[in-house]
Amino acid sequence: MGNEDAVFYSRVLTELTLSFHIIYATIGVGVPLMIMIAQWIGIKKNDEHYILLARRWARGFVITVAVGVVTGTALGLQLSLLWPNFMELAGNVIALPLFMETFAFFFEAIFLGIYLYTWDRFENQKKHMLLLIPVAAGASFSAVFITIVNAFMNAPQGFDLVDGQIININPLIAMFNPAMPTKVAHVVVTAYMTSAFILAAIAAFRLLKGSNHIYHKKALYLTMKLGLIFSIATAVIGDFSGKYLAEYQPEKLAAAEWHLETEEGAPLYLFGVLKDGKVKYAIKIPFALSILAHSNLHAEVTGLNQFPADEIPPLYIHYLFDIMVSIGMWMTVLSAVYVFGKWKGWAFVKANWYRGFIVAGGPLTVIAMEAGWWFAEVGRQPWILRGIMRTSEAATTSGQVNLMLVLFAGLYLILGIGSIVVLTRMFRRNPVEKELEDRHAEIGGDLV
Amino acid sequence: MTHELIGISVLWLFLFGYVVVASIDFGAGVFNAYSLLTGRKHILTNIIQRYLSPVWEVTNVFLVFFFVGMVGFFPKTAFYYGTILLVPASIAIILIAIRGSYYAFETYGSRGHKGYTFMYGLSGLFIPASLSIVLTISEGGFVSIVDNQPVLDYWALFTSPLTWSIVVLSLAAVLYISAVFLTWYANKAQDQKATDLLRKYALIWAAPLMISAAGIIVELREHNAEHYARMLNMWWLFGLSFVLFLGTVWLIWRRQKYGLAFGLLAGQFTLAFFAYGISHYPYLLYPYLTLYDSFTNEAMAVALIIAFIAGLCLLIPSLWLLLRLFLFDKDYVRGKS
Ligand code: HDD
Ligand code: HEM
Ligand code: HEM
């Protein structure tokens, strides 16, 4: 296998592992917060339904965490195995957040273990809920730290490169790079948003399947409210991300928007096709790109013509960006109408077709999240460390990457199918109605 | 102490933590599978699940901590070991992944598959075997530098008696550590049958442990004379470790003070592990890579050490809480809550 092959397969394997891990990781970041909110409401309102909601979510969560943990372990090792040259350089400058991440994991893992096995061990339910704080904090902080590493790859700083030697290293400056604030905020908030809509989709699915239990209705209303809040936050921070790109990675923004020539008062194109250097069949929103990039109708936006041809990322990222933004907007509207409609007592938000949309919203949000990552990562190409190291220089020289790719693809297939089968079986065998009855029998029926 | 030494000591300590905690885990899986094979499943299953369920994720983090910290403190290892280890480490990861996730699927999801119990047990043997290869490689002699790239000679590696002695040692250690710990745990749980069975396993695995350890020292004389000489200089540490080993076996044999027996075992492995580590000094990969020429810059080193101390302040109380709730809580151990 030549070195070009090694680079190619290393890329594919990295893409595969990351795309798979991120699904479970996102759930891992968002769901503990949702469990905490549900349990808190349950305690405050003394409502058994919310407590049970927290319980059932937590049970499913264990399965997704397990897959998140093992794929994350694979990812952590793979970074060194597939990109040894990059990690040697990165290790010198950005190892600090990577190292801090392991403490966040430790913290999360320990308290998750305690939380799961102590449901009925505390007299005071509140104490048990408090155990979730370190779980949720640990999960969110692991996202924060790893995203800082990724931000550094987009906007490296905190060192000087002199004759191929790195000197004057400052780990803190490397961490607090310009990409960090928007990137971290967007990633964390989208994780909450994705988790809320996945949980909403499950509740809507149960209702669609004919259950009329108040439990599912409460779950749906709660998660849609949370989803609305987080999708608005996502859009706002996404807008800031666009402004960050305009300033620090203009080639990524220009490629995403098919903004070919530098111009003032730039329009935004949605979808369409690129033919002979012209954008066709696109939805054109006048001035919108200038607003996204600089909050100003007439501001000048740098176009692709300003960059050398070998430093322009693949132009298909345009579609990835559009997919992400369209889904983001759609979910904001869908949840806003639902919440408003519930408040006003509109009947159609309870109709089956509307619930059908909510069910579809779960997978859609996951697609938005994947599209966002692909956009951000492919949009950084050809660089692995923007402006400093090319992806092609970073890869391993080992000849067996293609074989490893096959093995890992098999692994993810097994894990993916396994986790889905186990989750559906777990909840089908133990429906809410039955569990509520069991609990009443246990407690004596004086609750609710 | 230089920063290099602080760094490697911290990592070695966490690797040691992983070795002990993971050994208990791996060994338990093996015993469980074995007892299913011989029709004694119910004796062990409860004990093993009570202990393992709350801690498996924590075990995994010890490993993650080690390799992330390694790249942080010694970035050049990413280049050398990253290039060489693609195949063995990938295989280990895949095994760990299947083991970890199926553990969760089985424990929290659905129960039952026999085939699964065997796979689970087998993976507990293959994972330590494949991880221990890294130690073998670090002794040198299997890696050469071609066009500025390190290349691993698999043929030499797999035909070397040193490789296989280290594999055998890792397996014996896994089973021995696990059996001693679980004997203590079963005894605390007042499960007489399980205690007797595990005690027997502990005694059985004591001898292979010592034989393979002695074997490695002999192999090393041929393989890496420098390392061998440094080990001889520290004979007293190894000797002390051996005395502690005898203490453990004695207590287990006499059915006395299983807790103390495990304490002595911890002492035995700490001494041997650190004596081995110190004698390995200063090489990370003999003879290409030492602590000193692979070390990160001063600024990063200081930052990592500060982060480490801050992290420990969070970690130690949490670990203590975990142990108190699940290991030292009488009701939990006995299955009353
Ligand atoms: C549920 C998922 C989701 C949704 C609905 C959105 N995003 Fe997003 N977006 C992400 C999930 C995501 C992400 C997966 O979290 C990314 C990938 C890398 C990153 O930093 O965040 C991302 C990256 C990302 C970037 C690139 C940042 C960079 O490369 O540094 C921009 C400019 C936006 N987003 C903008 C938006 C806008 C204007 C949205 C309008 C609603 C939007 N995103 C919705
Ligand atoms: C978890 C969400 C992430 C996803 C889904 C993701 C996805 C991707 C994709 C699709 C590429 C391929 C670009 C191309 O080859 O054209 C890529 C590149 C890369 N990403 Fe990310 N990324 C994520 C986060 C990260 C983070 C946090 C890091 C670093 C700590 C990272 C490290 C890399 C590396 C080393 C490459 C270069 C290899 C390559 O080009 O495939 N990624 N990533
Ligand atoms: C190159 C990128 C990444 C690497 C190297 C990586 C590494 C890891 C590792 C080693 C673990 C297992 C930790 C354990 O043993 O408990 C893990 C789990 C996890 N990762 Fe990643 N990760 C990456 C990307 C991400 C991203 C982008 C996010 C968040 C958006 C994320 C969030 C998580 C979370 C929350 C967990 C805990 C498991 C769970 O709760 O599901 N990771 N990751």
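The values are calculated or read from the model by the stated rules, or taken from the named source; none is laboratory data. Everything quoted here is computed from the prediction, not taken from an experiment. Cβ placement follows ideal geometry from the backbone for every residue including glycine, while neighbour counts extend to all protein chains displayed. Areas reflect the complete protein model, heavy atoms only, side chains present, ligands, DNA and RNA absent. Shrake-Rupley method; radii C 1.70, N 1.55, O 1.52, S 1.80 Å.
Summary of computed values
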{"item": "Gain in span if fully extended, A:LEU172 to A:SER295, counting 0.36 nm per residue against the direct Cα distance", "result": "41.3 nm"}
{"item": "Reachable lysines, given that their alpha-carbon falls under 21 Å from the alpha-carbon of A:LYS434 and they are not under 8 places away in the same chain", "result": "A:LYS209, A:LYS217, A:LYS218"}
{"item": "1.4 Å probe, heavy atoms, protein only - residues of region A:101-150 losing at least 40 Å² accessible area vs chain alone", "result": "A:THR102, A:PHE103, A:PHE106, A:PHE107, A:ALA109, A:ILE110, A:ILE114, A:TYR117, A:ARG121"}
{"item": "Counted charge near B:LEU251, where neighbours are those whose Cβ lies closer than 12 Å (Asp, Glu -1; Lys, Arg +1)", "result": "+4"}
{"item": "Candidate aspartates and glutamates for bridging to A:LYS252, where Cα separation is under 20 Å - those fewer than 8 sequence places away on the same chain excluded", "result": "A:GLU15, A:ASP239, A:GLU261, A:GLU263, A:GLU264, A:GLU300, A:ASP310, A:GLU311, A:ASP322, A:GLU370, A:GLU377"}
{"item": "Estimated 222 nm signal from helices in chain B, with DSSP H stretches of n ≥ 4 weighted -39500 (n - 2.57), rounded to 500", "result": "-27000 deg cm²/dmol"}
{"item": "Rg to Rh quotient for region A:144-296, alpha carbon positions, Kirkwood Rh", "result": "1.12"}
{"item": "Unit Cα scatterers, Debye sum, region A:106-225: log10 I(q)/I(0) for q = 0.10, 0.11 Å⁻¹", "result": "-0.54, -0.62"}
{"item": "Members of A:LYS183/A:LYS225; A:LYS45/A:LYS183; A:LYS243/A:LYS350; A:LYS126/A:LYS342; A:LYS44/A:LYS342 lying beyond 27 Å, as alpha-carbon distances in this model show", "result": "A:LYS45/A:LYS183; A:LYS243/A:LYS350; A:LYS126/A:LYS342"}
{"item": "Zone of A:LYS243's modelled label, taken as backbone nitrogen in region A:152-190 under 17 Å from a point 7 Å along Cα→Cβ", "result": "A:178-187"}
{"item": "Amide H within-cut-off set for A:GLU263, under 5 Å, with H built and near neighbours excluded", "result": "A:VAL301, A:GLY303"}
{"item": "Nearest 10 degrees, 0 to 90: helix B:114-138 Cα axis against chain B principal axis", "result": "30"}
{"item": "Interface size B-A, as summed buried accessible area [1.4 Å probe, Å², nearest 100]", "result": "5600"}
{"item": "Kyte-Doolittle at least 0.5, axis length at least 18 Å by Cα - qualifying DSSP helices, chain A", "result": "A:3-45, A:48-82, A:84-116, A:132-154, A:180-208, A:214-248, A:317-344, A:352-378, A:401-428"}
{"item": "Averaged over B:143-153, number of beta-carbon atoms from partner chains that fall within 10 Å", "result": "1"}
{"item": "Calculated [θ] (222 nm, deg cm²/dmol) that DSSP helices of n ≥ 4 give over chain A, each run adding -39,500 (n - 2.57)", "result": "-25000 deg cm²/dmol"}
{"item": "Cα principal axis extents for region B:134-289, largest first, Å", "result": "62, 30, 21"}
{"item": "Carbon plus sulfur fraction of accessible area for region B:3-333, probe 1.4 Å, in percent", "result": "70"}
{"item": "Pairwise Cα inverse-distance average, inverted: Kirkwood Rh of the protein assembly as shown (Å)", "result": "28.3"}
{"item": "Per residue accessible area of region B:3-333, 1.4 Å probe, in Å²", "result": "41"}
{"item": "Rg(Cα) / (2.2 N^0.38 Å) computed for region B:3-333, rounded to two decimals", "result": "1.01"}
{"item": "Percent carbon-and-sulfur accessible area, chain A, ignoring ligands, DNA and RNA, probe 1.4 Å", "result": "64"}
{"item": "Amide H contacts under 5 Å for A:TRP383, placed H, 5+ residues apart", "result": "A:THR391"}
{"item": "Between 0 and 90°, nearest 10: helix B:56-73 axis offset from chain B longest Cα axis", "result": "10"}
{"item": "Cα-based helix-to-principal-axis angle, B:3-37 vs chain B, degrees rounded to 10", "result": "40"}
{"item": "Within 10 Å of each Cβ in A:319-332, the average number of Cβ atoms from other chains", "result": "0"}
{"item": "Cα-based Lys pair tally, region B:3-333, threshold under 28 Å, eight or more apart or on separate chains", "result": "16"}
